[in-house]
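Heads up, the thing below is written out as structure tokens.
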Amino acid sequence: MAFRKHTLKESSYSRLGFLLAFIGTILAIDTMTDLTFFYKLWPLLITALGIGFIGIYIRRSRREAIYIGVGVYAIGFSVLALYCSLTTWAMLSILWPVFIGLLGLSFVFSYFFGSGRPVLLLAGFLFISLSILFYFVFGINQKLWWSIFILAGISFIVFDKMRQL
């Protein structure tokens, strides 16, 4: 009769189980003692998810750009959500263009760490430019609407240079 040797190495399911039990314990303490602080840290769960996607990208032999893109977006989103959770959610009336910029940033990371297709870099810069533009026009001063033309001109110049590569 052969006995299997038990190792102390935990599987990813066990680690996830311990993490969820720990989070549940912290939230239970927070609820029962009326500390009302830990529930504001929920965006850290999204950070863990983003780190998980980046970990999947690193561990796979065939690295697909989508994993790094989703991971970067999730981490960026969680930073913004954590900021709003610890200050005030009214800040989203000014900071909403950051979501568009995060999408652009995820495309840029996908370009550099993924397929290297120029269309990803172009899309990334386009979304980041739109984010900056919307922040200036809608977040700071609506009189800056003319910057749309400058940004559009720069975008066409960058597009032409990318197309020539």
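The values are calculated or read from the model by the stated rules, or taken from the named source; none is laboratory data. Remember, predicted model here, so these are calculated numbers, not experimental data. For neighbour counting, all protein chains shown are included, and Cβ atoms are generated from backbone atoms with ideal geometry for every residue, glycine included. What goes into the accessible areas is simple: the full protein's heavy atoms, side chains included, and nothing from ligands, DNA or RNA. Shrake-Rupley method; radii C 1.70, N 1.55, O 1.52, S 1.80 Å.
Numbers at a glance
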{"read-out": "CD proxy at 222 nm, helix term only [per DSSP H run n ≥ 4: -39500 (n - 2.57); per residue of the chain; nearest 500]", "value": "-23500 deg cm²/dmol"}
{"read-out": "Sites matching trypsin sites (Lys or Arg not before Pro) across the stretch 32-95 that sit in DSSP coil, with at most 15 neighbouring C-beta atoms within 10 Å", "value": "60, 62, 63"}
{"read-out": "Fraction of accessible area attributable to carbon and sulfur, the chain (%, probe 1.4 Å)", "value": "72"}
{"read-out": "Table column - 3J(HN,Hα) (Hz), the stretch 62-71, Karplus curve with 6.51, -1.76, 1.60, x for Gly and Pro", "value": "9, 7, 9, 5, 4, 5, 5, x, 5, x"}
{"read-out": "Residue 79 - accessible surface, heavy atoms, 1.4 Å probe, Å² rounded to 10", "value": "90"}
{"read-out": "Calculated FRET efficiency for the pair residue 143/residue 66, C-beta based, R₀ 35 Å, to 0.05", "value": "0.35"}
{"read-out": "Inter-label distance for residue 36 and residue 21, nm, one decimal - labels placed 7 Å from Cα along Cα-to-Cβ", "value": "3.1"}
{"read-out": "Cβ-derived FRET efficiency at R0 41 Å, residue 94 paired with residue 14, nearest 0.05", "value": "0.45"}
{"read-out": "In sequence order, calculated HN-Hα J values of the stretch 135-147 (Karplus, 6.51, -1.76, 1.60; Hz; x Gly/Pro)", "value": "5, 5, 6, 9, x, 9, 7, 6, 6, 8, 4, 5, 5"}
{"read-out": "In Å², nearest 10: area of residue 36 left accessible to a 1.4 Å probe", "value": "80"}
{"read-out": "Accessible area per residue, Å², the chain with all protein chains present, probe 1.4 Å", "value": "72"}
{"read-out": "For the stretch 100-127 versus the stretch 11-59, the gap between their alpha-carbon centres in whole angstrom", "value": "29"}
{"read-out": "Listed candidates (i) 10.4; (ii) 9.0; (iii) 14.7 - label of the one calculated as mean projected area of the Cα convex hull in nm²", "value": "(iii)"}
